[in-house]
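Written out below as structure tokens is the structure these notes cover.
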């Protein structure tokens with residue numbers, strides 16, 4: 001199939017736009033987290049924003065590579081506009097990531113395969129896996145934050161200050177780092193370990 005006549009081209013444009021929007025929302029959330037003295041959450045959201053923009057670049061590059069210069073690609077899509085309040089936005093974003101991981105990108109991959117764009121299909125599948133990881137992280141952090149248990153665990157846990165490296169093992173993270181006096185939000189949460 002000719003790329004410029006394909007549904008895949010439109011799906012790439014929609015995906016590019018969605019990933020740019022997610023990257024922007026995550027940057028807004030990062031600023032809000034920093035204002036709330038949640039440095040770890042701020043850094044996490046910056047990383048997710050960087051991931052989303054990398055996905056956008058992948059989709060953008062396919063459009064240019066396969067279709068050449070594009071004056072305008074018209075798409076119709078809905079995007080969320082919600083205030084970046086961490087208690088709700090982490091969980092809202094986790095649902096968006098889940099929809100991308102389980103429905104949107106797998107569907108776009110199937111269409112790309114049917115239209116003969118196997119490389120694009122593979123990229124959609126790989127991005128879906130990343131979005132699934134984002135969903136798990138955001139859902140976990142959102143539930144912790146909403147319940148007030150961001151820095152509380154049932155068993156002793158390692159709590160490390162991201163500013164000075166001080167480490168303490170306890171059921172609850174220190175309210176203020178005893179070494180450098182940074183607030184609790186500077187504690188690093190080992191998401192890889194906790195999400196296993």
Practice problem: Return yes or no: is residue 73 surrounded by 13 or more Cβ atoms within 10 Å (Cβ to Cβ), touching a residue at least 24 places away in the same chain (Cβ under 8 Å) and in contact with a helix residue (DSSP H, G or I) (Cβ under 6 Å, 6 or more places away or on another chain)? | Solution: yes
Quiz item: What are the pairs, 6+ residues apart or on separate chains, where a residue within region 79-103 that is closer than 23 Å to residue 121 by Cα has its Cβ under 9 Å from a residue that is outside any helix (DSSP H, G or I)?
Solution: 96/80
Practice problem: Give the residues of region 1-22 that are crowded, with 20+ Cβ neighbours inside 10 Å, assigned to a helix (DSSP H, G or I) and out of contact with any helix residue (DSSP H, G or I) (no Cβ under 7 Å at 6 or more places or on another chain), sorted by residue number. | Solution: 18
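Condition check ((1) within 16 Å of the chain's Cα centre (by Cα); (2) under 22 Å from residue 139 (Cβ atoms); (3) not assigned by TED's automatic domain parsing to the domain that holds residue 126) across all residues:
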{"position": "34", "(1), (2), (3)": "no, yes, no"}
{"position": "54", "(1), (2), (3)": "yes, yes, no"}
{"position": "86", "(1), (2), (3)": "yes, yes, no"}
{"position": "108", "(1), (2), (3)": "no, no, no"}
Quiz prompt | Complete set of residues in region 112-130 that are within 21 Å of the chain's Cα centre (by Cα) and without any contact (Cβ under 8 Å) to a residue 40 or more places away in the chain | solution = 121, 122, 125, 126, 128, 129
Quiz prompt | Condition broken by residue 81, with the remaining ones in (1) within 18 Å of residue 133 (Cβ to Cβ); (2) surrounded by fewer than 15 Cβ atoms within 10 Å (Cβ to Cβ); (3) over 12 Å from the mean Cα position of the chain (by Cα) satisfied | solution = (1)
Quiz item: Among the residues of region 155-193, which ones are assigned to a loop (DSSP other than H, G, I, E, B), free of Cβ contacts under 8 Å to residues at least 40 places away in the same chain and either crowded, with 18+ Cβ neighbours inside 10 Å or assigned by TED's automatic domain parsing to the domain that holds residue 37 (or both)?
Solution: 173, 174, 177
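Would you check if there is a residue in region 25-32 being closer than 17 Å to residue 105 by Cβ and in contact with a helix residue (DSSP H, G or I) (Cβ under 8 Å, 6 or more places away or on another chain)?
The answer is no; no qualifying residue exists.
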Quiz item: Can you name the residue in region 85-134 that is in contact with a helix residue (DSSP H, G or I) (Cβ under 7 Å, 6 or more places away or on another chain) and in a loop (DSSP other than H, G, I, E, B) and is also surrounded by the most Cβ atoms within 10 Å (Cβ to Cβ) among such residues?
Solution: 117
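The values are calculated or read from the model by the stated rules, or taken from the named source; none is laboratory data. Note that the coordinates shown come from a computational prediction; the quantities given were computed from them, not determined experimentally. FYI the Cβ positions are ideal-geometry reconstructions off the backbone, even for glycines, and counts take in every protein chain you see.
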